[in-house]
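Colleague: What follows is a single structure, and I will ask about it in a moment.
The values are calculated or read from the model by the stated rules, or taken from the named source; none is laboratory data. Model, not experiment: these values are computed from the prediction. Here Cβ is always computed from backbone atoms with ideal geometry, including for glycine, and neighbour counts include all displayed protein chains. The accessibility values were calculated without ligands, DNA or RNA, using every heavy atom of the protein model including side chains. Shrake-Rupley method; radii C 1.70, N 1.55, O 1.52, S 1.80 Å.
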Amino acid sequence: MTLPDPWPLRRLALCTPRLELRPDDDDGLLELVEEAHRGVHPPDEMPFLVPWTDHVGHRTLQHYWSQRAQFGPENWTLNFLVRLDGRVVGMQGLTGQNFGLVREVKTGSWIGLRHQRRGIGTEMRAAVLAFAFDHLGAVRARSSAFSGNVASLRVSERLGYQHDGTETVVRRGRAGQDVRLLVTSDRFVRPDWALRVEGLDPCRELLGVPAQ
C-alpha cells in the first residue's frame, strides 16, 4: 500500500537562475543560524520590527519550529531557506491566512550581510511572488519595511509594490515609521527569467489551493 507523504513540503523547490528555495528543515536551519551569527545588519541598526537578531540561537530555531508545527490550510508560513551555490544565505518567508478564500500573501525576508548588494534579495522575493501569483493563484501580496530601510524599499519598488500607508511602531524602545507595501498580480514586475517549481501538486491541500 502506498501511503500519502505526511510532509510533502520537503519536496517543494523554487529555482531561479542563481538560487534554490526550499521550505525549512532542521539541517538547513542550523546553517541559517550560523549565517545569522556572521551578521545580518550593522550592530547599530535594527531593520526588523521584532529585534530577533539580538538573540540568535535556540530562539531562532524555536521560532521556525513553531511555525512549522502550526502549518495548515487556514494559516501557513513557508519559510524558504535560500541557497546560493548549495549554501544557505538567508530566508524568504511567504505567509497565507485563509488563502483559499482571500488569495492574499505576505512576505518577509533576510540575507546574511556578507551576501547583500548582489541582487539576491530582489531575486528571492521575485521567486516567491512569481510562485504566489502564477502557481498558487494569489491576487495580492503585502510587505512592509521601516522608512530607513532603503535597500528593502528599493527591492519593493523594483518589483512593482505601491505604498499602502504607514504605521508607528516601537523597536528597541524607539518609535519609528513602518511603511506598508502592496503589489497585485497585474502590477508585479516579473523578472526576465522563468521560475522553475518542483513538487507543488502534493502540497496544494496543505496550502488550501485547489488541485489542478
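Colleague: Looking for whichever is over 17 Å from Glu35 (Cα atoms) and surrounded by 19 or more Cβ atoms within 10 Å (Cβ to Cβ) here; the options are Ala69, Ala151, Ala126. Which one fits?
Modeller: On the way: Ala69 fails: surrounded by 19 or more Cβ atoms within 10 Å (Cβ to Cβ); Ala151 fails: surrounded by 19 or more Cβ atoms within 10 Å (Cβ to Cβ).
Being over 17 Å from Glu35 (Cα atoms) and surrounded by 19 or more Cβ atoms within 10 Å (Cβ to Cβ) holds for just one of Ala69, Ala151, Ala126, which is Ala126.
Colleague: Exactly one condition in (1) assigned to a strand (DSSP E or B); (2) within 18 Å of Leu200 (Cα to Cα); (3) at pLDDT below 95 is false for Gly100; which is it?
Modeller: (1)
Colleague: Among (1) over 20 Å from Gly100 (Cβ atoms); (2) in a strand (DSSP E or B), which single condition is Trp193 missing?
Modeller: (2)
Colleague: Ok, one more. Identify all residues within segment 157-188 that are touching a residue at least 40 places away in the same chain (Cβ under 8 Å) and loosely packed, with under 13 Cβ neighbours inside 10 Å; write none if there are none. Reasoning before the result, please.
Modeller: Of segment 157-188, the ones touching a residue at least 40 places away in the same chain (Cβ under 8 Å) are 169, 171-172, 178, 182-185, 188.
Residue satisfying the conditions is Arg172 alone.
The rows are residues; the columns are (1) open to solvent by less than 20 Å² (accessible area, probe 1.4 Å); (2) part of a helix (DSSP H, G or I); (3) modelled with pLDDT of 90 or more.
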position: Pro4; (1), (2), (3): no, no, no
position: Leu9; (1), (2), (3): yes, yes, yes
position: Glu20; (1), (2), (3): no, no, yes
position: Leu30; (1), (2), (3): no, yes, yes
position: Glu35; (1), (2), (3): yes, yes, yes
position: Val40; (1), (2), (3): yes, no, no
position: Glu45; (1), (2), (3): no, no, no
position: Phe48; (1), (2), (3): no, no, no
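Colleague: Just to be sure before I move on: is Gln97 without any contact (Cβ under 8 Å) to a residue 40 or more places away in the chain, in contact with an Asp or Glu (Cβ under 8 Å, 6 or more places away or on another chain), open to solvent by 30 Å² or more (accessible area, probe 1.4 Å) and more than 18 Å from Phe48 (Cα to Cα) in the structure I sent?
Modeller: Numbers: without any contact (Cβ under 8 Å) to a residue 40 or more places away in the chain: yes; in contact with an Asp or Glu (Cβ under 8 Å, 6 or more places away or on another chain): yes; open to solvent by 30 Å² or more (accessible area, probe 1.4 Å): yes; more than 18 Å from Phe48 (Cα to Cα): yes.
When the stated conditions are applied, Gln97 passes them.
Colleague: Okay, next question. State the number of residues belonging to segment 137-152 that are under 11 Å from Thr122 (Cα atoms) and within 15 Å of the chain's Cα centre (by Cα). Before you say what the answer is, go through the steps one by one.
Modeller: Let us first name the residues in segment 137-152 that are under 11 Å from Thr122 (Cα atoms), namely 151-152.
Next, only the ones that are within 15 Å of the chain's Cα centre (by Cα) stay: 152.
So the answer is 1.
Colleague: Open to solvent by less than 40 Å² (accessible area, probe 1.4 Å), touching a residue at least 24 places away in the same chain (Cβ under 8 Å) and out of contact with any Leu (no Cβ under 8 Å at 6 or more places or on another chain): is that true of Trp110 in this structure?
Modeller: So Trp110 fits the description; yes.
Colleague: Taking the criterion of being within 14 Å of Leu207 (Cα to Cα), in contact (Cβ under 8 Å) with a residue 40 or more places away in the chain, out of contact with any strand residue (DSSP E or B) (no Cβ under 6 Å at 6 or more places or on another chain) and loosely packed, with under 15 Cβ neighbours inside 10 Å, would at least one residue in segment 74-82 satisfy it?
Modeller: Taking segment 74-82 first, the residues within 14 Å of Leu207 (Cα to Cα) are 74-79.
After this cut, where a residue has to be in contact (Cβ under 8 Å) with a residue 40 or more places away in the chain as well, the list is 74, 76, 78-79.
Next, from what is left, pick out any that are out of contact with any strand residue (DSSP E or B) (no Cβ under 6 Å at 6 or more places or on another chain): 74.
Next, from what is left, pick out any that are loosely packed, with under 15 Cβ neighbours inside 10 Å: 74.
Taking every residue of segment 74-82 in turn, at least one turns out to be within 14 Å of Leu207 (Cα to Cα), in contact (Cβ under 8 Å) with a residue 40 or more places away in the chain, out of contact with any strand residue (DSSP E or B) (no Cβ under 6 Å at 6 or more places or on another chain) and loosely packed, with under 15 Cβ neighbours inside 10 Å.
Colleague: Separate question: Being surrounded by fewer than 13 Cβ atoms within 10 Å (Cβ to Cβ), in contact (Cβ under 8 Å) with a residue 24 or more places away in the chain and in contact with a helix residue (DSSP H, G or I) (Cβ under 8 Å, 6 or more places away or on another chain) is the filter here; which residues of segment 51-66 pass it?
Modeller: Across segment 51-66, the qualifying residue is only Gly57.
Colleague: Ok, one more. Give Gly208, Gly137 a once-over and let me know the one that is surrounded by fewer than 18 Cβ atoms within 10 Å (Cβ to Cβ), touching a residue at least 40 places away in the same chain (Cβ under 8 Å) and on the phi > 0 side of the Ramachandran plot.
Modeller: Working: Gly208 fails: surrounded by fewer than 18 Cβ atoms within 10 Å (Cβ to Cβ).
Exactly one residue qualifies, and that residue is Gly137.
Colleague: Output the residues belonging to segment 119-154 that are at pLDDT 95 or above and charged (D, E, K, R).
Modeller: Glu123, Arg125, Asp134, Arg140, Arg142
Colleague: If I filter segment 111-125 for residues that are part of a helix (DSSP H, G or I) and within 16 Å of Arg140 (Cα to Cα), do I get at least one hit? Reasoning before the result, please.
Modeller: Step one: of segment 111-125, the residues part of a helix (DSSP H, G or I) are 113-115, 120-125.
From the residues that got through so far, the ones that are within 16 Å of Arg140 (Cα to Cα) too are 125.
Yes: segment 111-125 contains one or more residues that are part of a helix (DSSP H, G or I) and within 16 Å of Arg140 (Cα to Cα).
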